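In what follows, a single structure is set out as structure tokens and then discussed.
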Amino acid sequence: MICNAASGQKHTISGYITDQKSQETVIGAAVFDQNSRHGTISNTFGFYSITLNDGAVKMRYSYVGYQTQEAEFNLTKDTVINISLSENTVLSEVVVTGRKETGIESTKMGSLDIPVKMIEHTPTLLGETDVIKTIQLTPGVQQGIGGSSAFYVRGGNGDENLVLLDGAPVYKIDHLFGFFSVFTPEAVKKVTFYKSSFPARYNGRVSSIVDVRTKDGDMQEFHGTVATGILSSRLNLEGPIFKGRTSYNFSARTTYMTFLAYPFMKKFMQDEFFTYFFYDVNAKINHKFSNRDRLYVSFYKGIDKFEYGGKTDLDETEYKNDDYGRIIGQKNYHNKGEDDVYLNWGNTISTMRWNHVFSSQLFANTTLIYNHYDMNTGYHEETKLTGDVNRYQYSKSNFGSEITDYGAIIDFDYMPSPRHAIKFGASYTYHNFAPETLITKEIDKDSERPDENVDTVMSHAHSRPHYGNELSVYAENDWKISSNISLMPSCAITLFNIDHKNFINIQPRFSMKYDFLENWAMKASYSRMSQCVHLLTSTPVSMPTDLWVPITQKLKPETSDLFSIGFYYTGLKMWDFSIETYYKYLNNVVEYKDGKSYVGFAGSWEDLVALGSGTSKGIEFMIEKTSGKATGWISYTLSKSDRDFAENSGVNFGRKFPFTYDRRHNVSIVYTQRFGKRFELDASWTYYSGAHATLAKAKETVLYPDYYDDEEWGGRGLIQTNETKTDYVVNKNNYTLPAVHMLNIGISFHEQKKRCERIWNFSFYNAYNRKNANLARIKHEDERLRLQKITILPLIPSFTLTYKF
Amino acid sequence: MKRIFSMIFSALLLIGCNTYEDITLDETVGTLGINGFLYSQCDTNKVLVTLTGIGSPAPVKNATVELRVNGQLCETKTASDSLQGKYYGLKTIFNPGDHIRVDVYYGNQHAYAEDVCPAAPKDLDAAVEFEENYAYRDAYDEFEIDDLYKVTMSFADADGSKENYYRVSLDKHYGYEGIVEKVESKTIYVEYENYPEDNYSYTMDTVYYCHGIKHLHRSGIADIANYITTYENNPELRPEERIYDSYFWDDVCNYFRIFKNTSFAGGRCTMTFHEDVNFADYNHIRDYDKNGRKVRYWHDEKWPTPPSEFKYSTDEELNDIPTYFYYETVSVESYSAQGYELLQTLNSYISGQYSISELTGSVKMYSNVSGGTGYIAAVSRISKIVKVIDGYQPEPIKDFEEPQN
């Protein structure tokens, strides 16, 4: 990093920028000296620092949606100015985006700040406002199955997105097989989405970063939100513990699907039961020790539970027969039993962060992370026979997959001059991967056969656990070379140690911005990213049974090289225009080999997959209206992405094939209109070219190895073949599903009550009931082929009632 | 696991809706498929030639099949020599280390596949001993304790300097020499204590307890009676080496018993199998049908149906002293890396892993055929016969008592 030598006497202005009412820190607020024309922005903890020449300064503090504040004084020494911005109550418009950190003024490209208001104004399935659903509407992002939270960025797989919750990676980002994301909207403070120009502090995935920051909690007053919808309800509470010093934020969400379905189950499932529920809990405590020290402790737990089973409670008779069917005795007994099949999964994340201001130019954040993800599925059977027969049988088999991470991160923000914003730091994570564990417990106690009683626990020989140590260091310098050129060189180096082998990845990154005309900017960037975990998945539906596995000696780290160039125009008031084009090369992409898929325990997962490469290229257009009564954006993406594996890899005979979500065209229109203070209309219309699916249009012969058979019993000799038929697939992803388009509408009515605000929201998912093919399969009927297209989500109306107090 | 997937898919179908459309045929129909496991030192190898088709593949009777060994054209067949019209017998003998190439021409299609015949494993040894009260978990995940025969086999790795791929196969030879007895026609009374109205009686035909008058010889991928139980060089079996199946989990079972030399490279591999020979007791021919002497074998439908001209024992034969025998042919086969991939695929296929294509999409079958589909694998094999039971005399079956009316 190169820093300009100081010229003349300089001093630093620093401090925190907060919301005036809640004292919540404001991320990405602009700080600008109108005299020297130098500026900076507040970091993710609301801290800012700017070093200026001594003399008169005219500071302006601004953030979208807040009233601008100015401070004019003579700078003669290092000065701390903590600014409290008040919300802009004069303007009634819906303000959608604040783009200072990631917009035209930033050196970075391919990134987007997503404030909560933007998330709230994205109509979604069942009225559940959702961070991920908003990201899906931005250019370069492809949806998975309609309505799900799966997203694929610039041709990357779903596991290539690093989703961070207060700095900790979230391994499973959705509930209900992808239809709800784990992020409770009321708990979210701000989301930043990166698809290129990745800051050096982010490592571990190769396609995108979603950095979700939760609310700290109001330092001044108690507030709350209660929202109830068709399938779920949410609660958010926040307030001071010690006014002005300590605050908390608590939010929870749960579903009551089982209760709603109970009348139907009672009618159709007499001795059986079905339950499904999920919940999320977010809790955060924030304490301000002084202007130099702050502590944040946050906790998240989210769980999904699915169970299906039955109960037995009846009197039975067992007849004893001889070899010829004659009854020679009977026993009467009572049979009481139960059995169930279950599937549970969830994340538990806890972080502790300590902010310390070493000096007006040096800010540090230290983070400790505990992160656990587990999935368990299995069955349980229990039977108790009493009476003439005394027998107790119990069996339980559980398959589990889990990851536990312990991490420590230290990040420094060093701002020696207005021309340089330097970030550097290091992190260490201890990973404990247990991708597959199968344990079976068996009890069988029969009073009549004591010799054959069983009481055992078996741990089957599945994949062994893997212990990984991940160490990374990074540095970046956002360097404003001149008034119209800025440069951001950065580099991260990661060392991943697993199974006594070290993998070192050097990840240089580079961004530059050139303001070639007023209101026009050109940006270019190159990023190398790497990741040391892979997600093995077999289905387009987000399944908890997908396996997170670490890199091994066979499965090398995946890397990406991303080249981007873009042009930006902000000459029209309230409007932003951008065009970005990119080329991405993915190396060591994981794909199941031909003939392999994961729907059972297939044994060594390392042997089931192969490593190949992928390319993706595209051009993205975005027109965005950032403020006013009507806001929104139109985006269009033209892209192509495919996968390429070596001929001997066992994948598609070495022939290139399209990526599953290689959707050629992608259009999103998002529109929000506010009518007065009480009524809002939100709408989004999306169009995607169809995804790709692997379909068999013919049958082929399968031959087994030699099969011995006796000639006298119809065999034909020593080596007898045994054959059958199976699906014949020419190429992976050989079928392009029909294009998908749909309209989602949300209508909100706001009503100010005496002590609270009431909001009715009516939403219509897939408003014109387009029968989009989400899944497809081929049916061979006599001599003709039929394609069965399965539409999972037709028109779904819903409502949400929200009280804010 | 498959059940979980199926339940989820059913739920998706329940909330969703279906539409159908016809798909036009394309070039995927009529693609040349060639399949074959070609054994070294064998003159009865066969290549299967078919065309892919809707519903089922079609046999190809008059293709031209060429076998090249180390680049030399050794054999050409221009017509199928099997009854079904799709197998092409090859008499050329090749050796481990030879490069094998099979070319098939049909119409304007040309498909070919290549493999290098791997070195054969060496020095196969096998022995058997009786083991009482052996505890194990059967193929249905049930805990069992049985008296079993323990077969221990060992062999030397073909080449310790590289990864080798093996398959163990066990082939049973068992049968009876003699007939146990004949039970004359009797009247059977069936009584139901709680449902006396359902009581009935019938006259049973003569019952023949024929403990096998034939020499049976079978093996099969679905054989659940024998499986690898320990693996001396690696006491904990690697998952892919297990034959263990779980009813619930739908594991990919190692039906073909394939494994690598990972833990014994350059050395010897020792394995034990436990054989349940009780199945032999089921090999009785019983007839409770009062309408005639229709004989059936044990319930396992995979067993061959007896030929209609099945010969019943004569009264004279019934007086013979029965003995039965049982021996195993233990074989170790060596495959190339692509042959191993293929067998892994077949393990997945037989385990039913392709049956939920609604969620996973169709699974592309492994192939090493250029210009078509299918696979050709070159195999080297060594075998040894182990006597498990020789001359065993089972207890005579007790006659039943006449019910007292």
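The numbers here are math on the coordinates, done by the rules we state, and not lab data. Quick caveat, the model's predicted, so the values are computed rather than measured. Reconstructed Cβ throughout: ideal geometry from the backbone, glycine too, with neighbour counts over all protein chains shown.
Counting only alpha carbon atoms, the long axis of helix A:257-268 and the longest principal axis of chain A meet at about 20°. All other residues whose Cβ lies under 10 angstrom from that of A:Gly632 are scored, Lys and Arg at +1 and Asp and Glu at -1, for a net of -1.
Which net charge results when you count Lys and Arg as +1 and Asp and Glu as -1 among the other residues whose beta-carbon is under 10 Å from that of A:Tyr526? Before the final figure, lay out the partial values.
Numbers: positive: A:Arg509, A:Arg528; negative: A:Asp561.
Result for the local shell: +1.
Looking at this model, which pairs from A:Lys305/A:Lys789; B:Lys46/B:Lys364; A:Lys656/A:Lys699; A:Lys523/A:Lys554 are more than 31 angstrom apart at the alpha-carbon? It would help to have the intermediate numbers written out before the result.
On the way: A:Lys305/A:Lys789 29 Å; B:Lys46/B:Lys364 24 Å; A:Lys656/A:Lys699 22 Å; A:Lys523/A:Lys554 38 Å.
The pairs that break the limit, which is 31 Å between Cα atoms, are A:Lys523/A:Lys554.
Positive contributions from Lys and Arg (+1) and negative ones from Asp and Glu (-1), summed over other residues with Cβ under 15 Å from the Cβ of A:Arg755, come out at +1. Straight-line cross-link reach from B:Lys150 at under 24 Å between alpha-carbon atoms covers these lysines, not counting any fewer than eight positions away in the same chain: B:Lys122, B:Lys172, B:Lys260, B:Lys384, B:Lys387.
On full extension, the segment bounded by A:Phe679 and A:Phe563 gains 37.4 nm, given 0.36 nm per residue less the C-alpha separation. Straight-line reach from A:Lys754: taking Cα to Cα under 20 Å and skipping same-chain neighbours fewer than 8 places apart, the lysines in range are A:Lys21, A:Lys677, A:Lys804. I'd like the distance between the alpha-carbon centres of segment A:128-151 and segment A:289-354, rounded to an integer number of Å. Spelled out, the Cα-based centre of one part sits 33 Å from the other. In summary, the lysines within cross-link reach of A:Lys423, defined as a Cα separation below 16 angstrom excluding same-chain residues under 8 places away, comprise A:Lys108, A:Lys480. Using the Cβ-Cβ distance between B:Asn108 and A:Leu535 with R0 set to 45 Å, the FRET efficiency works out to roughly 0.55. In chain A, the DSSP beta bridges split such that about 95 percent are antiparallel, to the nearest 5. Taking 0.36 nm per residue of separation and subtracting the Cα-Cα distance, full extension of the segment from A:Ser233 to A:Asp499 would add 91.3 nm. By the Cα gyration tensor, chain A has an equivalent ellipsoid whose semi-axes, rounded to whole angstrom, run 52, 32, 27 from largest to smallest.
Which residues make up the longest stretch of chain A that has no GluC sites (Glu not before Pro) in a DSSP loop with at most 13 other Cβ atoms within 10 Å? Please list the in-between numbers first.
Values: sites that count: A:Glu221, A:Glu448, A:Glu518, A:Glu783.
Maximal segment without exposed cleavage sites: A:519-782.
Computed from phi, the 3J(HN,Hα) profile of segment A:227-239 under the Karplus parametrisation 6.51, -1.76, 1.60 (θ = phi - 60°) reads 10, 10, x, 5, 10, 8, 10, 10, 9, 9, 10, 8, x Hz, with x in place of Gly and Pro.
Once the Cβ-Cβ distance of A:Glu382 and A:Met574 is raised to the sixth power relative to R0 = 56 Å, the FRET efficiency obtained is 0.30.
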